[in-house]
Amino acid sequence: MKRQLYGLVASALILSSAVQADCLGEKNTSKVYSFEVVPQFSATKIYTTWSPLLQRVGHETGMCFELRVSPTIPEFEQKLLKGAPEFVFLNPYHAVLAHQKKKYQPLLADSADLLTGILVVRADSPIQSLHDLKGKPIFFPAPNAFAASLLIRAEMTKKKIDIQPVFVKNHSNVYRSVIGKDALAGGGVNNTLDNEAPEVRQQLRVLFETPAYAPHPLATHPSVPEAVRQRFLKAMLKLTQDEEGRKLLEGIHLSKPQVVTYAKHYKPLESLQLEKFLVLTEP
């Protein structure tokens, strides 16, 4: 019943510039923490998967969260570079930018699956190699999507394969554009493709896959006290101890959460030198 309610509320709010929920968790508290999620999927989908989790964690910790979902990844990036969200779920290279510009600190990420970028084509496509895509329009979710865009574009540049990038907001749009023959190929990641319905996955073939990296972390603004970080972390890890909690974690691709740090898990991404491929609108 709760999931149905969240879905109805989200559908109503999606018409606005961003979806957000008032106080998920403990309502009898004076502090409300802003919580942003990178919009890899539609706002409705993000809202229906994250809201029940934050509701439970909020009650467990005595905290209150305002879930915010920007309509596009570039708009999410603008908020991030301003240091707006206190809690944020973001892609690995966003974690690098957020740390460099605003000192955001990663807190936890999934330990079950590393993140790889994938380039998909239709299952019946005659395309067999990256070189077959030279000079062609290729769809990506956003310019700065780490594995789904930056890594793939960097790899194609190394191979001297010029393409025409087209950005279509999220991973689901990429996959459906390829299936609908609007694009010969499109960039995504292993986790989002796995999350699609079987009838979607069956119509796609992975043409290319990048090396694997640490997945999306959940990070906090430096203004969040360490005691609050640890209270939140403890509640997240506790979700693994019962079936309902495990389902909530699976819904947000954090089925086996582990503690992460910037130095160990995300600083190594600096050596990839992806700066030349970034397209940022400074706040």
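The values are calculated or read from the model by the stated rules, or taken from the named source; none is laboratory data. Nothing here was measured: the structure is a model prediction, and the numbers come from that model. Backbone-built Cβ (ideal geometry, glycine too); neighbour counts: all protein chains shown.
Looking at Pro52, is it at pLDDT 95 or above, over 28 Å from Ala185 (Cβ atoms) and not aliphatic (A, V, I, L, M)? Considered against the rule, which asks whether it is at pLDDT 95 or above, over 28 Å from Ala185 (Cβ atoms) and not aliphatic (A, V, I, L, M), Pro52 comes out as yes.
The single condition among (1) more than 17 Å from Val228 (Cβ to Cβ); (2) more than 15 Å from the chain's Cα centre (by Cα) that Gly83 does not meet is (1). Val224 passes every criterion in (1) in contact with a strand residue (DSSP E or B) (Cβ under 8 Å, 6 or more places away or on another chain); (2) assigned to a helix (DSSP H, G or I) apart from (2).
Among the candidates Arg68, Arg56, the residue that is of a type in the set (Lys, Arg) and in contact with a Leu (Cβ under 7 Å, 6 or more places away or on another chain) is uniquely Arg56. Once region 8-24 is narrowed to residues that are at pLDDT 50 or above and surrounded by fewer than 22 Cβ atoms within 10 Å (Cβ to Cβ), the residue that is nearest to Arg56 (Cα to Cα) is Cys23. As a summary of the residue check, Val178 satisfies the conditions (1) buried (at least 19 other Cβ atoms within 10 Å of the Cβ); (2) within 21 Å of Leu278 (Cβ to Cβ) except for the one numbered (2).
Taking region 250-283 as the search range and keeping residues that are in a helix (DSSP H, G or I) and within 26 Å of Lys169 (Cβ to Cβ), which one is modelled with the lowest pLDDT?
Among residues in region 250-283 that are in a helix (DSSP H, G or I) and within 26 Å of Lys169 (Cβ to Cβ), the one modelled with the lowest pLDDT is Lys276.
Candidates are the residues of region 197-219 that are assigned to a loop (DSSP other than H, G, I, E, B) and crowded, with 19+ Cβ neighbours inside 10 Å; the one that is nearest to the chain's Cα centre (by Cα) is His216. Selection of strands (runs of 3 or more DSSP E) fully inside region 34-131 by the criterion of at least 2 residues being of a type in the set (A, V, I, L, M, F, W, C), touching a residue at least 12 places away in the same chain (Cβ under 8 Å) and closer than 24 Å to Pro257 by Cβ returns 64-69, 87-89, 105-110. Consider Leu237 carefully, then state whether it is at pLDDT 95 or above and within 24 Å of Thr192 (Cα to Cα). Considered against the rule, which asks whether it is at pLDDT 95 or above and within 24 Å of Thr192 (Cα to Cα), Leu237 comes out as yes. Counting the residues of region 99-129 that are surrounded by fewer than 18 Cβ atoms within 10 Å (Cβ to Cβ), aliphatic (A, V, I, L, M) and in contact with a strand residue (DSSP E or B) (Cβ under 8 Å, 6 or more places away or on another chain) gives 3. When region 25-38 is limited to residues that are crowded, with 20+ Cβ neighbours inside 10 Å and touching a helix residue (DSSP H, G or I) at 6+ places or on another chain (Cβ under 6 Å), the one that is farthest from His94 (Cα to Cα) turns out to be Gly25.
From (1) at pLDDT below 95; (2) part of a loop (DSSP other than H, G, I, E, B), pick out the condition that doesn't hold for Asn191. Result: Asn191 passes all but (2). Hey, any hits in region 227-234 for a residue that's among the small types (Gly, Ala, Ser), in a loop (DSSP other than H, G, I, E, B) and surrounded by fewer than 17 Cβ atoms within 10 Å (Cβ to Cβ)? No, there is no match, as no residue in region 227-234 is among the small types (Gly, Ala, Ser), in a loop (DSSP other than H, G, I, E, B) and surrounded by fewer than 17 Cβ atoms within 10 Å (Cβ to Cβ).
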